[in-house]
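*Asks:* The structure's right below; bear with me while I get my questions together.
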Amino acid sequence: MSKIKFGIVVFPGSNCDHDGEVVCNALPDAEARLIWHRESDLQQSDVILLPGGFSYGDYLRTGAIAKFSPAMTEVVRFAGQGGLVLGICNGFQILQESGLLEGAMMRNINRKFICKFVSLKVANNNTLFTSGYGKDEVIRIPIAHGDGNFTADAETLRQLQENNQVVFRYCDHTGDESSEANPNGSLYNIAGIINRRGNVLGLMPHPERACDALLGSTDGQKLFESLVRNVVAERL
Amino acid sequence: MTKSKPESQAIEPEVNLDLAKSHGLLEEEYEKVLEILGRTPTYTELGIFSVMWSEHCSYKNSIALLKQLPRSGKRLLADAGEENAGLVDIGDGLAVAFKIESHNHPSAVEPYQGAATGVGGIQRDIFTMGARPIASLNSLRFGPLTLPRVRYLLQGVVRGIGDYGNAFGVPTVAGEVYFDPCYTGNPLVNAMSVGLVEHGKVARAVAKGEGNRVMIVGSSTGRDGIHGATFASEEISEKSEAKRPSVQVGDPFTEKLLLEATLEAIATGFVVGIQDMGAAGLTCSCSEMSAKGIEQSGGGEVNGVATGSGMEIDLDLVPVRENGMTAYEIMLSESQERMLIVAQKGREGALLEIFKKWELEAVVIGAVTTDGFVRVRHHGKIVAEVPAVPLVLGGGAPVYIREAVEKKPDVKFPVLAPDDEIDFEKEILDLLGAPNIASKRWVYEQYDSMVRTNSLTLAGATDAALIGIKGTAKALAMKTDCNARYVYLNPRKGGMIAVAECARNIACTGAKPLGVTNCLNFGNPYKPEIYFQFREAVLGMGEACRKFDTPITGGNVSFYNESKSGDEVTAVYPTPVIGMIGLLDDAALAVRSTFKHEGDAILLIGLQLETPDSEGLTGSEYLVRRYGELGLDAPAFDLDAEKRLQDLLQLLAAKKYLRSAHDCSDGGLVTALAECSVMDETLQLGFTAELRTVLNSKFGVQELLFSEAQGRVVVSVSPPDADAVMREALAMNLPCIYIGTTGGNGCTLSVNGKEVLNAKVGLLSHRYFNALDESINEVNSPGTL
């Protein structure tokens, strides 16, 4: 069987594109290719990855300009057909701006950029992205963002909860979703959500930075492995 | 070529000695300009000479001394000053390009943009060589945090460094922040970048090959930053606020595009030469690249002008941000995110395409000549025609050796309180919360320290940062360091210690120190006592670099770090910041700073505390905080022992004996022990230790705990390995004693059987991690420093 293809969309200002590429290429059954934002051909990707960074310098508003690129038009179409899309950090913000995911990001509550390891609870492991994790498993993954303060109106929040769309929540190392463990002020400690259909996931933390023991954690690895395993299963 | 003489433009002021002086040129220097040109310079030419001969570009008051530093070694692929940054071979066909630079004066008046453009500028120095930046470091100095202005500066500088580096996508992995009243009016902001390049793919800053095309790429040219280099070459005063327009404005997004486009362009092989535009902008890159071409041509001479290369450019072709910019302004603009490229004739189209893809401007503005001149046209007229070589450092730029006179600082050593009157636990906690010692988490969490997924160490929890090199087993260790208080007290010894401490930090990880870049921050070199400090510190650094076989690969000198308030002029402490790179062949053998396993043996390796020539507490943070005095000298230091210690650390790491290694520096032995316990928030482990003062020693408990005597390291090892480690130390003629055991959630320390510390790790940790936040956020917090 041919390898699972991760298509990584590169916007001007993306800076985690190569980090994602390294992780995908290291998986036994996967390979990564970079897709320049001006291209309209997603190159038969099985999974689209929107990487972190500062697309278009985050000028105007995070992710606001990226959504107008030719590649994003295709990504929206791809998602509409049920294609798998993973947005990390700035990629999550672009998914929100493109209307593929709910909510919006405000400035972190302390009004500063924050880079550090945080603990996350896998609130929903019944997805194509998280099936390799245990239910409520606590994992350690870094964050690095200035605008990660998730917000949404009450109705949207109610639906996110009701439909089990909240996939990752900030917690402490014991799994307690306390306000102290919430690094950026996100409502309900939300760190990552999935769309209702279950094929588009966005999260602020960086799983691609937690796939190597030398970097301090391998807890992000299962996310990429889950995707590969589930795409392979679908093919069979 | 044209015969017409350069012309001044109608609106320009008349050039004479007064105007030259107001441009910062000395009378003798203006005379030299007249002699070189054989006529009165045009206004544009005066601007060109004044920036090229400014301290910032010419190093006129420092270069004679800098040449005494060790500047070559078998691993160096470029001698110091030869390229934009130092270049060190690390095997596997790879080289490291690295450099540190100051952006002090811009940061003093506009902290956010000043610091941001400092980061941007140093990154360009690295990727203009064809190297991809892999890590950033910095070294910062501010006044006391009790002052609102200082908090404003700190917040602006940190946000500026973060916003620029984070968007640019290079991790900020290590640094240092110190607070002292001497930096109140003149903070120091030094930024360092480290890049990787394959041998044979290094791009050079040279213009050669007649007819080759000169291209300007990146941002358009505006009026920002004009005379930034001159501004950097004078003291800060009340008038400096008016220089705010001299501060450039940074755009990390454009820089990121420029990085990718530049590396892609260099990879085509069509780039003959390339130089970034930093200080003195177009002027500096045109003249330095031409002069380098002349030097490489082996050169002829026509009418006293060195020939073999040169440049002719037309300013009408330069993309500008504003209408009506004069030639003077375009030549002197320090607009950021620009590069000057010499492209092979006929290949410029391929390069233009690459920049177009990255949505950057790229325009051919001229061609390479051979007559030795930098010739500048504007509106169809020649506005400047200057021989290149006399403009540049190493060519005709002035070189001065200034008068040096020692002036002992007005300091004293206090009468110490008897040990039995000291509440040691209180003093230890106080020290852990001192802004100079406490965790800089408030700072480093604002920096992306992990992007590019090579960061093998957690920010803040290490002696030196470790950056893995993908595709190899290797890692680079890197660090910036300088205790300026020591340099102030004893410039020669302090200069040596700055190098030694950096090398020791690198050796603590198991890595071998390879090379040094430096940023020499001093006061006004025309003052003999300042020049004395400068000379002595440089000589001290040189001696230590020779000992450790770590040549100086390049760097930057920043003079005039003085501020005026009323009639009072304050110079900063002499602050020669060292940036060092080390190599670890196997990243899996890296040693971290913090205690790792319950029940490990804690050993203290290094010099005995007592030396005949100095008081134990001299120069220490404890002395300053507890007694308000600096003491008379830098702490005890032995260069030979230091070298043996670093060799030993590398040996012990290679033999896998070390579970942790952390050096004793600011705050002394007890601070080092506490840091081993708390620095890594995910791994906090207590200890029980027992120390003894030496019988009949003049040193008591205060000296034992708080002395900053150099050359000492706290290590933890598996108990069965302790004997072997002691034997290895003995074989190197280094004392090594067992002082305790790791484990539990308490930190317990006794001296001569009497307990001086018995506290929960959590308490020390809380103090260590929160003190800086409290100092910054409490508006009215007298006495925090």
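*Asks:* For the protein assembly as shown, what is the charge dipole size about the Cα centre, in debye to the nearest 20, if Lys and Arg each add +1 at the Cβ and Asp and Glu each add -1 at the Cβ?
*Replies:* Result for the protein assembly as shown is approximately 1640 debye, rounded to the nearest 20.
*Asks:* Just the number, please: carbon plus sulfur as a percent of the accessible area of region B:330-483, 1.4 Å probe, no ligands or DNA/RNA counted.
*Replies:* Whole-percent figure for carbon plus sulfur exposure: 51.
*Asks:* Under a point-charge model restricted to the Cβ atoms of Lys and Arg (+1) and Asp and Glu (-1), what is the dipole moment magnitude of region A:145-236 relative to its Cα centre, in debye to the nearest 20?
*Replies:* Dipole magnitude for region A:145-236 comes out near 440 debye.
*Asks:* So, one more: Measure out, as a whole number of angstrom, how far apart the alpha-carbon centroids of region B:710-758 and region A:25-70 sit.
*Replies:* 52 Å
*Asks:* Of the DSSP beta bridges with both residues in region A:4-235, give the percent that are antiparallel, rounding to the nearest 5.
*Replies:* 55 percent
*Asks:* Using a cut-off of under 19 Å, list every residue of region A:91-126 whose amide N is near the label point 7 Å from the Cα of residue A:76 along the Cα-to-beta-carbon line.
*Replies:* A:91-105
*Asks:* What ranking of B:30, A:59 comes out by heavy-atom accessible area, probe 1.4 Å, highest first?
*Replies:* Correct descending sequence by accessible area is A:59, B:30.
*Asks:* Could you list, in their original order, any pairs among B:60/B:527; B:292/B:547; B:201/B:479; B:408/B:440; B:470/B:512 whose Cα atoms are separated by more than 21 Å? Intermediate results must be reported in sequence, preceding the final value.
*Replies:* Details: B:60/B:527 15 Å; B:292/B:547 32 Å; B:201/B:479 26 Å; B:408/B:440 32 Å; B:470/B:512 19 Å.
In this structure, B:292/B:547; B:201/B:479; B:408/B:440 exceed 21 Å between Cα atoms.
*Asks:* Determine, from the Cβ-Cβ distance of residue B:316 and residue B:357 and an R0 of 30 Å, the FRET efficiency 1/(1 + (r/R0)^6), rounded to the nearest 0.05.
*Replies:* Values: r = 26 Å, r/R0 = 0.87.
With R0 = 30 Å, the Cβ-Cβ based efficiency is 0.70.
*Asks:* Taking a quarter of the surface of the convex hull around the Cα atoms of region A:4-235, what do you get in nm²?
*Replies:* Convex hull of Cα atoms, orientation-averaged projection: 11.3 nm².
*Asks:* Can you give the accessible area of residue B:526 in Å² (nearest 10), computed on protein heavy atoms with a 1.4 Å probe?
*Replies:* Rounded to the nearest 10, that gives 90 Å².
*Asks:* Can I ask one more? Return the Rg/Rh value of region A:18-114, two decimal places, where both radii are evaluated on C-alpha atoms and Rh is the Kirkwood radius.
*Replies:* 0.98
*Asks:* Follow-up. A 28 angstrom limit on the alpha carbon distance is what I want to check against. Which of B:21/B:407; A:116/B:760; B:426/B:493 exceed it?
*Replies:* The answer is B:21/B:407; B:426/B:493.
*Asks:* Right, something else. Could you pull out which residues in region A:80-116 have an amide N less than 18 Å from a spot 7 Å beyond the Cα of residue A:39, following the Cα-Cβ vector?
*Replies:* A:84-86
*Asks:* Another question, if that's okay. Given a Förster radius of 22 Å and the C-beta distance between residue B:690 and residue B:758 as r, what FRET efficiency does 1/(1 + (r/R0)^6) yield to the nearest 0.05?
*Replies:* 0.95
*Asks:* Shielding of B:39-48 by partners, i.e. mean partner chain Cβ atoms within 10 Å per residue?
*Replies:* Partner Cβ neighbours, averaged per residue: 0.
*Asks:* Which sequence of A:54, B:168 reflects their accessible areas, 1.4 Å probe, from the largest down?
*Replies:* Details: A:54 45, B:168 0 Å².
Correct descending sequence by accessible area is A:54, B:168.
*Asks:* Enter the Cα centre distance for the pair region B:396-471 and region B:644-671, rounded to the nearest angstrom.
*Replies:* Comparing the Cα centres of region B:396-471 and region B:644-671, I get a distance of 17 Å.
*Asks:* Additional query: Based on the mean of other beta carbon atoms within 10 Å per residue, what is the order of B:69-79, B:690-700, most packed first?
*Replies:* B:69-79, B:690-700
*Asks:* Just read off the accessible area of residue B:584 with the full protein assembly in place, 1.4 Å probe, to the nearest 10 Å².
*Replies:* Surface open to solvent at residue B:584 totals about 10 Å².
*Asks:* Which value, in debye to the nearest 20, describes the size of the charge dipole of region A:4-235 about its Cα centre when Lys and Arg Cβ atoms bear +1, Asp and Glu Cβ atoms bear -1, and nothing else is charged? Working shown, then result.
*Replies:* Values: 21 positive and 27 negative charges, 54 e Å.
Charge dipole of region A:4-235: 260 debye, to the nearest 20.
*Asks:* For the charge dipole of region A:142-236, defined by +1 on Lys and Arg C-beta atoms and -1 on Asp and Glu C-beta atoms about the Cα centroid, which residue among A:228, A:170, A:186 has the Cα displaced farthest towards the positive pole?
*Replies:* Of A:228, A:170, A:186, it is A:228.
*Asks:* May I ask you to rank A:37, B:227 by accessible area, largest first, using a 1.4 Å probe over the protein chains only?
*Replies:* The residues order as B:227, A:37, largest area first.
*Asks:* Right, something else. Between residue B:774 and residue A:159, how high is the FRET efficiency from 1/(1 + (r/R0)^6) when r is the Cβ-Cβ distance and R₀ = 35 Å? Nearest 0.05. It would help to have the intermediate numbers written out before the result.
*Replies:* Details: r = 42 Å, r/R0 = 1.19.
With R0 = 35 Å, the Cβ-Cβ based efficiency is 0.25.
*Asks:* Provide a whole-number value for the mean count of partner chain Cβ atoms within 10 Å of the Cβ atoms in peptide B:442-451.
*Replies:* 6
*Asks:* Among B:155, B:44, B:136, whose Cα sits farthest toward the positive end of the charge dipole of chain B (+1 at Cβ of Lys/Arg, -1 at Cβ of Asp/Glu, about the Cα centre)?
*Replies:* Most positive-ward Cα: B:136.
*Asks:* A follow-up question, please. What is the extension gain from residue B:323 to residue B:598, computed as 0.36 nm multiplied by their sequence separation minus the C-alpha to C-alpha distance, in nm to one decimal?
*Replies:* 92.1 nm
*Asks:* In Å, what is the Rg of the alpha-carbon atoms in the protein assembly as shown, and how long is Dmax?
*Replies:* According to the Cα coordinates of the protein assembly as shown, Rg and Dmax are 29.0, 90 Å.
*Asks:* To continue, here is another question. Can you give the accessible area of residue B:370 in Å² (nearest 10), computed on protein heavy atoms with a 1.4 Å probe?
*Replies:* 60 Å²
*Asks:* Now, a different point. What accessible area per residue comes out for chain B, rounded to a whole number of Å², with a 1.4 Å probe?
*Replies:* Accessible surface, normalised per residue, equals 33 Å².
*Asks:* Now, a different point. With n ≥ 4 as the cut-off for DSSP H runs, can you work out [θ] at 222 nm for the protein assembly as shown, using -39500 (n - 2.57) per run divided by the number of residues, rounded to the nearest 500?
*Replies:* Roughly -9000 deg cm²/dmol at 222 nm, from the helical runs in the protein assembly as shown.
*Asks:* Straight-line reach from residue B:596: which aspartates and glutamates have Cα under 17 Å away, leaving out those fewer than 8 places along the same chain?
*Replies:* Filter leaves B:463, B:663, B:675, B:680, B:681, B:721.
*Asks:* Residues of region A:4-235: accessible area per residue at 1.4 Å, in Å²?
*Replies:* Per-residue value: 36 Å².
*Asks:* Could you tell me, in Å, what Rg and Dmax come out for the Cα atoms of chain B?
*Replies:* 26.7, 90
*Asks:* How far is the Cα center of region B:589-603 from the Cα center of region B:247-296, in Å?
*Replies:* Using only Cα atoms to place each centre, the spacing works out to 46 Å.
*Asks:* Give me the number: length gained by fully extending residue B:74 to residue B:411, i.e. 0.36 nm times residue separation minus the C-alpha to C-alpha distance, one decimal in nm.
*Replies:* Details: separation 337, 0.36 × 337 = 121.32 nm, distance 4.28 nm.
Going from the current span to full extension adds 117.0 nm.
*Asks:* Moving to a separate point now. Summed for both chains, how many Å² of accessible area, to the nearest 100, are buried between A and B with a 1.4 Å probe?
*Replies:* In total, this chain pair buries about 2400 Å².
*Asks:* Hey, if you put +1 on the Cβ of every Lys and Arg and -1 on every Asp and Glu Cβ in chain B, which of B:605, B:332, B:95 ends up farthest toward the positive end of that dipole?
*Replies:* It is B:95.
The values are calculated or read from the model by the stated rules, or taken from the named source; none is laboratory data. None of the values given here were measured: they were computed from a predicted structure. Note that we place each Cβ from the backbone using ideal geometry, even for glycine, and neighbour counts take in every protein chain shown. The area values use the complete protein model at the heavy-atom level, side chains included, leaving out ligands, DNA and RNA. Shrake-Rupley method; radii C 1.70, N 1.55, O 1.52, S 1.80 Å.
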